[in-house]
Amino acid sequence: MQHRLQGKVAVVTGASSGIGRAIVTRYVAEGARVVAFARNAEALAELAAAHPGQVVAVAGDVTRQEDLQRLVEETARQVGKIDILVPNAGIARVVPFADSSAEAFNTQFSVNLFGAAETARLFLPHIRPGGTIQFITTFLTQVGFPGLAIYSASKAALKSLSQTLAAELAPRGIRVNCIAPGPIGTPLWGTVGLPPEVLGQVAEQVTARLIPGEFGQPDDIAETSVFLASDAAKNIYGQEIVVDGGYTIG
C-alpha cells in the first residue's frame, strides 16, 4: 500500500458490511484511523478487533437523531477532528410505483437522503480544512430501472445535494463529491425484496450489460473512495464518479 491516507481520520457510516466495510478496511490499509458506524454492533466489534487502535466502533442508526449526535460526540472524544466523512449508510427496496405511498418514500429517503445529509450537517464543525465529504449514490441516477423509482429518486436528490454542497463548502476548504456504484456484489442486493428466483433472473439481465461480465466488488468502490479522499483528487469538486462496469454506456 502507498499509505495515501497516512495520518488522516475518517468516519464511515453503514460500515458493518458491503461497501462500507470495504472502505473502512482499505482506509486502514492506507494509513487512516476510522470511526465505523452501523446498526450491527457485533459486526462492528469484529471490525474493530481486526484493526486494534485503528478502528473505533460506534453502533447506531442514521435515522435516529440521538444516535447521530452520539456518533459525533464519540468521534470528537476519541479522535478529535476528522478529515474524511463517508455517509455510506443506505437501503434499497423494490417498490412498484402503484405502491409508492408517502410511507414507502419515507422508508428509503429517511436513510438514503435525510440520514446522509444530517450526518454531514452534524459533522460539519468537526471537519478540518482540506477535508472531504463523499456521498454514495448509484448508477441508477443515470438510467431507469423498474421498481426502483423511490430508491433512484433518493439517490438523485443526494447527488444534487452533493453538487450544491461542493460549491457551498469549498470556501471552508472542504471538498464534496459522490461515488455512484453500479451493480456490486454486496448483501444489499439480497435485501431489495425480490424472491430468489426473480433476483437471479434480474442478475442475469444486468450481468449481460456489464463489460467485465460480472458484478463489481466492494473493493472497487473502496479504491475509488481512497482516491477521492487523497491529495491526488485535490482539484475534484462536485463530481459523481460512476463505477459501474460499463452498464450506463449501453
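We did not get these values from a lab; they are worked out from the coordinates using the rules stated. Computed from a predicted structure; not experimentally measured. Because the Cβ atoms are built from the backbone with ideal geometry, glycine has one as well, and the counts that use them run over all protein chains shown.
Springs between Cα atoms under 10 Å define the GNM used for the chain, and in it the highest mean-square fluctuation of Ala203, Ala166, Ala229 occurs at Ala203.
Of the peptides 173-183, 53-63, the ranking by mean beta-carbon count within 10 Å, highest at the top, reads 173-183, 53-63. Working from Cα pairs under 8 Å separated by at least six residues, relative contact order for segment 1-72 is 27 percent. List, in the order given, every pair from Lys81/Lys155; Lys81/Lys234; Lys8/Lys155 whose Cα-Cα distance in the structure shown is over 22 Å. Flagged as over cut-off: Lys81/Lys155; Lys8/Lys155. Remark: Val34, Val206 ranked as Val206, Val34, counting other beta-carbon atoms within 10 Å and listing the fewest first.
Simple spin-label estimate for Ser101 and Phe227 gives 4.4 nm between the two label positions (7 Å along the Cα-to-Cβ direction from each Cα).
Normalised by 2.2 N^0.38 Å, where N is the number of residues, the alpha-carbon radius of gyration of segment 47-169 equals 1.17. Charged side chains reduced to their Cβ positions (Lys and Arg at +1, Asp and Glu at -1) give the chain a dipole of some 760 debye around its Cα centre.
A crude spin-label estimate for the pair Lys81 and Lys234, with each label 7 Å from Cα along the Cβ direction, gives 1.6 nm. Our helix-only sum for the chain, with -39,500 (n - 2.57) per DSSP H run of n ≥ 4 divided by its residues, gives a mean residue ellipticity at 222 nm of -12000 deg cm²/dmol.
Sequence-ordered 3J(HN,Hα) estimates for segment 95-105 from the Karplus curve with 6.51, -1.76 and 1.60 and θ = phi - 60° stand at 9, x, 4, 4, 9, 7, 6, 4, 5, 5, 4 Hz, glycine and proline given as x. For the chain, the average shadow cast by the Cα convex hull is 13.1 nm², which is a quarter of the hull's surface.
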